[in-house]
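Working notes for the structure below.
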C-alpha cells in the first residue's frame, strides 16, 4: 500500500514539474519557420510584433503586419530590421514618457 502511494505521489510530482505552463500566450515552438531579409517599404508596414527568445524558441522573432493583411517574419539579424526594432522601441518609450507627463 505504501509503495502504491509513493508511486502515485512520485508520478504526480514528475508530471507537475515536467509540464510546461499553460496559458494563452504560451507557444511551444517558433512562430517563424522562414524569415525575410529583403527591405519592406515603410508604406507597406502596418505593425511590428517582437517575440523575445525563450524556452519556446531560441531566436528573437520579428513579425511584420503588412498593408495587404499578410504577416511576414523578418530576419532579426538583418541591419535594416535592427534599425526598425530600435525605432520601434524608441517610439514605444516616447509614448510611455508622454503618458506619464499627462
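A few comments on the model shown:
- Unmet requirement for residue 3, which otherwise passes all of (1) modelled with pLDDT of 65 or more; (2) exposed (fewer than 10 other Cβ atoms within 10 Å of the Cβ): (1)
- Filter result (farther than 15 Å from residue 35 by Cα, in contact (Cβ under 8 Å) with a residue 40 or more places away in the chain and either touching a helix residue (DSSP H, G or I) at 6+ places or on another chain (Cβ under 6 Å) or part of a loop (DSSP other than H, G, I, E, B) (or both)) within the range 48-102: none
The values are calculated or read from the model by the stated rules, or taken from the named source; none is laboratory data. Just so we're clear, the structure is a prediction, and the values are computed from it rather than from any experiment. Ideal geometry is used to build each Cβ from the backbone, glycine not excepted, and the neighbour counts take in all protein chains shown.
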